[in-house]
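Chemist: Questions regarding the structure given below will be posed in turn.
The values are calculated or read from the model by the stated rules, or taken from the named source; none is laboratory data. Please read these numbers as outputs of a predicted model, since none were measured by experiment. Methodologically, a virtual Cβ is constructed for each residue, glycine included, from the backbone with ideal geometry; neighbour enumeration extends over all protein chains shown.
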Amino acid sequence: MTSNDTVRRPVIIDTDLSFDDYVALLFLLQHPEIEVRAITVVNGVAHVKQGVENAGRLLALMKRQDIPLAGGPERALSGQRAFPPGWRRIMDYGIRLLLPWVSSPVPRLSAPELICRQCLESDRPVTFVALGPLTNLALALRAEPKLASRIETIFISGGAFNVLGTIQFELPGNPNQVAEWNFYLDTEAADQVFKSGIPIVLIPLDVTHVTGPQPLVFSHETVKRLRKAARGRASRIMVRLIHFWQMAVTQYPATPVWDAAVAALVVDLSIGTDWRDLAIRVESEPEALAGQTVIEAGKPANARVCFGGDQAAFENAYLEIARTAGR
């Protein structure tokens, strides 16, 4: 890895601030090859207002309040789908136990406005990392016709093909039984982004499926090594979040941390070993199938999709950050 600022890649991260988003954010914010130009918060697991406050606390932890921050609308482009309220309360407030208290200023721009400004003013095309629903990016693309030419690649955490699209929690009133959540929550936004013509790298749930042929997950032994290796405060919190999730999902032989895999692939595509160029469509109706990802055979590809990767390389990428960042 290099710390030469002239080769750092400009990145905008759009996030709904779930626990795995924090792992991805801490990895990318500490990585010497990545220059985070902005963080935008999308309505998803966390509510936007609380998510912006939490992102501000995260930037304070990193001493990176220079990074612009903004939130998007509290609703999707269409529909009123939402995570169960209990999940949202945990991510709105539970994560704050690990973060410093700061009084964050109210962002002057909305998330779509900040995305447009950062892309148009960048000295070179940016990489857009979408860790939640695609609402903010879709609104930005609607507002600024030139935006597509200013985004080099969109990395999307979303979709599921050969695995279930949702974890089957026993929760009353959970309406989503088939689709991956990021696409389920805003199918119209997902459809617009896939039709944008911008190069897309899609990382679906298949990549982190523990019984898949080449999953990118954290083994129990690696989490122990991460806990011993972590030096800086940010790295210790990153590892603690992985460990907390490992303790919460003891049924798995290794631990899936979805957006952590996305972050590693943003830095190094070679960590992915099973890539396929595919034509992808996101279902919007009927409601029972909303958010499902469909491969359209015979049509031109609109996404490069990862189905698996190099487990050792993935774990080593996190061990390297834990050992070296913040020292």
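Chemist: GLU35: free of Cβ contacts under 8 Å to residues at least 60 places away in the same chain, assigned to a strand (DSSP E or B) and not β-branched (Val, Ile, Thr), yes or no?
Modeler: Taking the combined requirement at face value, the residue satisfies it.
Chemist: In the set LEU216, LEU171, LEU205, which member is more than 21 Å from ALA140 (Cβ to Cβ) and at pLDDT 95 or above?
Modeler: One residue alone meets the criteria, LEU216.
Chemist: Report, ordered by the first and then the second residue, all pairs with beta carbons closer than 8 Å, sequence separation of six or more or different chains, a first member in the range 54-76 that is among the acidic types (Asp, Glu), and a second member that is surrounded by fewer than 19 Cβ atoms within 10 Å (Cβ to Cβ).
Modeler: From the range 54-76, the pairs are GLU74/LYS49.
Chemist: State which residue pairs qualify: first residue surrounded by fewer than 22 Cβ atoms within 10 Å (Cβ to Cβ) and modelled with pLDDT under 95 and inside the range 147-164, second residue of a type in the set (Phe, Trp, Tyr) and part of a strand (DSSP E or B) in any location, beta carbons under 8 Å apart, and separation of 6 or more residues or different chains.
Modeler: Within 8 Å, the pairs are PHE161/PHE307; ASN162/PHE307.
Chemist: Okay, moving on. Listed residues VAL223, VAL262, VAL217, VAL207; which is aliphatic (A, V, I, L, M), touching a residue at least 60 places away in the same chain (Cβ under 8 Å) and out of contact with any Pro (no Cβ under 9 Å at 6 or more places or on another chain)?
Modeler: Only one candidate passes the filter, namely VAL262.
Residue-by-condition table, conditions (1) closer than 25 Å to ALA234 by Cα; (2) modelled with pLDDT under 95; (3) under 17 Å from the mean Cα position of the chain (by Cα):
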{"position": "ALA260", "(1), (2), (3)": "yes, no, yes"}
{"position": "ALA263", "(1), (2), (3)": "yes, no, yes"}
{"position": "VAL266", "(1), (2), (3)": "yes, no, yes"}
{"position": "SER270", "(1), (2), (3)": "no, no, no"}
{"position": "THR273", "(1), (2), (3)": "no, no, no"}
{"position": "LEU278", "(1), (2), (3)": "no, no, no"}
{"position": "GLU283", "(1), (2), (3)": "no, yes, no"}
{"position": "GLY298", "(1), (2), (3)": "no, yes, no"}
{"position": "ILE321", "(1), (2), (3)": "yes, no, no"}
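Chemist: When only residues in the range 75-108 that are part of a loop (DSSP other than H, G, I, E, B) and within 18 Å of the chain's Cα centre (by Cα) count, which is surrounded by the fewest Cβ atoms within 10 Å (Cβ to Cβ)?
Modeler: Going through the qualifying residues, I end up with ALA82.
Chemist: Here's another thing I want to ask about it. If PHE128 meets every condition in (1) among the hydrophobic types (A, V, I, L, M, F, W, C); (2) part of a helix (DSSP H, G or I); (3) more than 19 Å from MET62 (Cβ to Cβ) apart from one, which number is that one?
Modeler: Answer for PHE128: the failing condition is (2).
Chemist: For GLY197, indicate whether it is more than 20 Å from the chain's Cα centre (by Cα), buried (at least 16 other Cβ atoms within 10 Å of the Cβ), touching a residue at least 12 places away in the same chain (Cβ under 8 Å) and assigned to a loop (DSSP other than H, G, I, E, B). Outline the logic, then answer.
Modeler: Values: more than 20 Å from the chain's Cα centre (by Cα): yes; buried (at least 16 other Cβ atoms within 10 Å of the Cβ): no; touching a residue at least 12 places away in the same chain (Cβ under 8 Å): yes; assigned to a loop (DSSP other than H, G, I, E, B): yes.
Here the answer is no, as GLY197 does not meet what is asked.
Chemist: Here's something else I'd like to know. Determine whether the range 48-60 contains at least one residue that is in contact with a Pro (Cβ under 9 Å, 6 or more places away or on another chain), farther than 19 Å from TYR22 by Cβ and either buried (at least 18 other Cβ atoms within 10 Å of the Cβ) or of a type in the set (Phe, Trp, Tyr) (or both).
Modeler: Looking for residues that are in contact with a Pro (Cβ under 9 Å, 6 or more places away or on another chain), farther than 19 Å from TYR22 by Cβ and either buried (at least 18 other Cβ atoms within 10 Å of the Cβ) or of a type in the set (Phe, Trp, Tyr) (or both), one finds none in the range 48-60, hence no.
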